[in-house]
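Some notes on the structure that comes next.
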Amino acid sequence: MNTIIKQVRLIPLLLLGLLLSNAATAQQTLSLKDALNYAVQNAVSVRKANLDVEGGKFKTQEIRAQALPQLTGSASLTDNVIVQSIVLPGEFLNRPGEVIVAKAGTKYNAGAGLQFNQQLFNQTVFTGLKAAKTSESYYKLNAQLSEEQIIEQVANNYYSVLVNRQQLNVIDTNIKNVKVVERILADQYKNGLAKKIDVDRIKVNLTNLQTQRAQLINGITQLENMLKYSMGMPIETVIVLPQTELAEIKTLPEIAESIDMSNRTELKIANVQKELYTLDRKAKVSEYYPTLALNSNYNYNGVSNKFDLFKGKGTANWYDMAAIGITLRVPIFDGFATRSRVRQADVNLKKADEDIRQMKNALNVEYENAKIKLKDNISTITAQRQNVILAQEIYQSTQNNYNNGLAALTDLLDTENALTQAQNSYNQALLNYKIAEIQLIKSNGNIKSLLQ
């Protein structure tokens, strides 16, 4: 009996252990590499772009079908409720001067047939097939661009969460320090060694810090939600970001003077777009060319005045017919419509050249700006690192002086605020550097290196 009671008491403990185990499992530790690889697999924009690639293959198959043989079957059954009559002169039956009315058909007609068509020469179809294949490349490049854009977005969001978590650590440290001062002041006030205004001032400062902490926690939650949303991860997933991902930065990476634009997906897309415009112009020009097609048909028909068309020994008469031929279509004059379409295609080609020129200029500007931001931020990081060290020394010195009665509470709070500001400025400089670094990697066409 005692054994059973002990086992029953163990059940809640086992259930609690299981729940805690599940809670621990639900948390997901995400390195930057993990987050980016997850996003490439699950982000909606990337998945839709991959579906466009799949759809492009089907589009090519659809256009290819125009160059393949076309076979169509047909069947019909007609009930001539009132059979058509024709009027014949009597001379046909040696009855001059009379008018003869005769039925011109049978009441029931049935038929089945096959029609065959094969394009032998149609430049528009052949050019369209080349355009469809080029469109497949266009969709693949778009999918690649979607991946690169989501990598950049997720990386920026990832570092934003890390920096804000560091700022939360700063506030937590400040709250801890202020609480120590608050306890000292409370004891001093009880012993008549401190003024009430100082006690109130430290309480106000502590309340402000706690309010900032609550606001920052809400902000971090929103940033994490944005990170998970951009990754395509369920919002309810609990994630933990290793603080080691935001390593200290002391030197600049090696930076080339100029970039090799051949790696940029945006430029590749612009070039493929121009190629599509070129093929579109060829398709318009091909409207001047003749077309040649092979066609044939076979029909099997039955007629009867009784509805016994499908009976083995009925009164229906069945007969078949077949034909084969070649159709040549030669365009002669269409009111200059084709010429107008060709000229419109020429305009699109010129616009594509302008787009490529603008794209190259924009990529150069992007790279130069990334270099400037990177160099500026490394200088800011160096300066802010020294500033944090100096602010910490001033705060510690002021704290010692305050504990020894050599400094006022106002001085202590001022130095504490200065330290907080310096630490937050340093964290912001880290974030700005990381964003500029991502932009530089993207400018070199190597954004996917972050996945490795």
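The values are calculated or read from the model by the stated rules, or taken from the named source; none is laboratory data. Please read all numbers here as calculations on a predicted model, not as lab measurements. A quick note on method: Cβ atoms are made from the backbone with ideal geometry, for glycine too, and the neighbour counts reach across all protein chains shown. Heavy atoms of the whole protein, side chains included, go into the accessibility calculation; ligands, DNA and RNA do not. Shrake-Rupley method; radii C 1.70, N 1.55, O 1.52, S 1.80 Å.
Listed here are the residues, each with its yes/no results for (1) more than 30 Å from Ala293 (Cβ to Cβ); (2) modelled with pLDDT of 90 or more.
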residue	(1), (2)
Leu13	yes, no
Asn37	yes, yes
Ser45	yes, yes
Asn50	yes, yes
Lys57	no, yes
Gln70	no, yes
Kindly indicate the residue of the range 403-414 that is without any contact (Cβ under 8 Å) to a residue 60 or more places away in the chain and surrounded by 12 or more Cβ atoms within 10 Å (Cβ to Cβ) and also farthest from Ile184 (Cα to Cα) among those meeting that condition. Asp414
Close pairs from the range 118-134: first free of Cβ contacts under 8 Å to residues at least 12 places away in the same chain, partner open to solvent by 30 Å² or more (accessible area, probe 1.4 Å), Cβ under 7 Å, at least 6 apart: none
For the range 303-315, state whether one or more residues are open to solvent by 60 Å² or more (accessible area, probe 1.4 Å), in contact with an Asp or Glu (Cβ under 8 Å, 6 or more places away or on another chain) and at pLDDT 95 or above. no
Go through (1) within 30 Å of Lys140 (Cα to Cα); (2) open to solvent by 30 Å² or more (accessible area, probe 1.4 Å) one by one and return the number of the condition Pro290 breaks. (1)
With the checklist (1) without any contact (Cβ under 8 Å) to a residue 24 or more places away in the chain; (2) within 30 Å of Ile447 (Cβ to Cβ) in hand, flag the one item Thr315 doesn't pass. (2)
From Ile202, Ile171, residue being over 40 Å from the mean Cα position of the chain (by Cα), in a helix (DSSP H, G or I) and β-branched (Val, Ile, Thr): Ile202
What residue, among those in the range 201-216 that are open to solvent by 60 Å² or more (accessible area, probe 1.4 Å) and not hydroxyl-bearing (Ser, Thr, Tyr), is farthest from Arg165 (Cα to Cα)? Arg201
Just for the range 428-439: of the residues that are touching a residue at least 60 places away in the same chain (Cβ under 8 Å) and open to solvent by 10 Å² or more (accessible area, probe 1.4 Å), which one is nearest to the chain's Cα centre (by Cα)? Gln439
Counting only residues that are surrounded by 13 or more Cβ atoms within 10 Å (Cβ to Cβ) and either within 30 Å of Arg329 (Cα to Cα) or modelled with pLDDT of 75 or more (or both), how many does the range 89-102 have? 0
Name the single residue, out of those in the range 105-134 being open to solvent by 50 Å² or more (accessible area, probe 1.4 Å) and touching an Asp or Glu at 6+ places or on another chain (Cβ under 8 Å), that is nearest to Ala67 (Cα to Cα). Thr124
Can you tell me which residue among Ser137, Ser146 is in a helix (DSSP H, G or I) and surrounded by fewer than 19 Cβ atoms within 10 Å (Cβ to Cβ)? Ser137
Can you tell me which residues in the range 226-259 are at pLDDT 90 or above, surrounded by 14 or more Cβ atoms within 10 Å (Cβ to Cβ) and not aliphatic (A, V, I, L, M)? Lys228, Tyr229, Ser230, Gly232
Would you point out the residue of the range 57-88, among those that are under 30 Å from Ser135 (Cα atoms) and in a strand (DSSP E or B), that is most open to solvent (accessible area, probe 1.4 Å)? Leu71
Give all pairs with beta carbons closer than 9 Å in which a residue from the range 46-64 that is among the basic types (Lys, Arg) meets a residue that is not in a helix (DSSP H, G or I); count only pairs at least 6 apart in sequence or on separate chains. Arg47/Gly232
Against the conditions (1) assigned to a helix (DSSP H, G or I); (2) open to solvent by less than 30 Å² (accessible area, probe 1.4 Å), where does Asn156 fall short? Just the number, please. (2)
Could you grab me the full set of residues in the range 175-201 that are under 18 Å from Asn404 (Cβ atoms) and in contact (Cβ under 8 Å) with a residue 60 or more places away in the chain? Asn177, Val181, Ile184, Leu185, Asp198
Note on the range 369-390: residues open to solvent by less than 80 Å² (accessible area, probe 1.4 Å) and either aliphatic (A, V, I, L, M) or closer than 15 Å to Gly445 by Cα (or both) are Ala370, Lys371, Leu374, Ile378, Ile381, Ala383, Val388, Ile389
